[in-house]
């Protein structure tokens, strides 16, 4: 997505800088732990119940629940390619590219009802909501803040071993900009059964671990 979200992005930069620089979680235990909880009907983090809670009581969702919602995407139906999984995705993108906020909001809220923590939807929806002076009745700014926090806690992105774990293939496009990594060229690397999106710009490099692949292990 090429659209800028200046006001919202500035707020996020102030909120999230403290998160960037955590130690990486570099074993399959992380994803396996998530899967164990979100597929267990007796767990407090059972995926279907979390979806129901965030849609009905968005003000009561916790950061720990957001973590299981975000990484639980890995194992839900679909490929991890959000723009392919979601039939409304193409129309949503067209609305974003043309800055048609009324349509962005209409389609965006529909997408978020199904996947409440999709970053590439949260950003333009928040931007258009602010532009239209629409109240944040779903607590989307807080939700986005928590999503970003749980992602950035997985690694600092400076090395493959401390790569930032993403649950959707498009999320690196959002995250690298938020972290001040402008432009660059993307390459894919695979090692030890793990896949990485690596962005390089001059002597700067940032690593993202594409966790959505692990549903196929």
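Between residue 132 and residue 64, how high is the FRET efficiency from 1/(1 + (r/R0)^6) when r is the Cβ-Cβ distance and R₀ = 22 Å? Nearest 0.05. Using R0 = 22 Å, I get an efficiency of 0.10.
Taking neighbour counts of Cβ atoms within 10 Å as a proxy for exposure, in what order, fewest first, do 200, 195 appear?
200, 195
Between residue 203 and residue 142, the modelled label-to-label distance comes to 4.4 nm, taking each label 7 Å out from Cα in the direction of the beta carbon.
Here the residues 212, 199, ranked from fewest to most Cβ neighbours within 10 Å of their Cβ, fall in the order 199, 212. Each part reduced to its alpha carbon centroid, region 104-162 and region 169-216 end up 19 Å apart. Annotation: the residues 143, 93, sorted from fewest to most other C-beta atoms within 10 Å of their own C-beta, follow the order 93, 143. With each label modelled as a point 7 angstrom along the Cα→C-beta vector, the residue 94-residue 44 pair spans 4.5 nm.
None of the figures in this text is laboratory data; all of them are computed from the coordinates on show. Everything numeric in this text was worked out from a predicted model, so none of it was measured. No Cβ is skipped: glycine too gets one built from the backbone with ideal geometry, and neighbour counts run over all protein chains shown.
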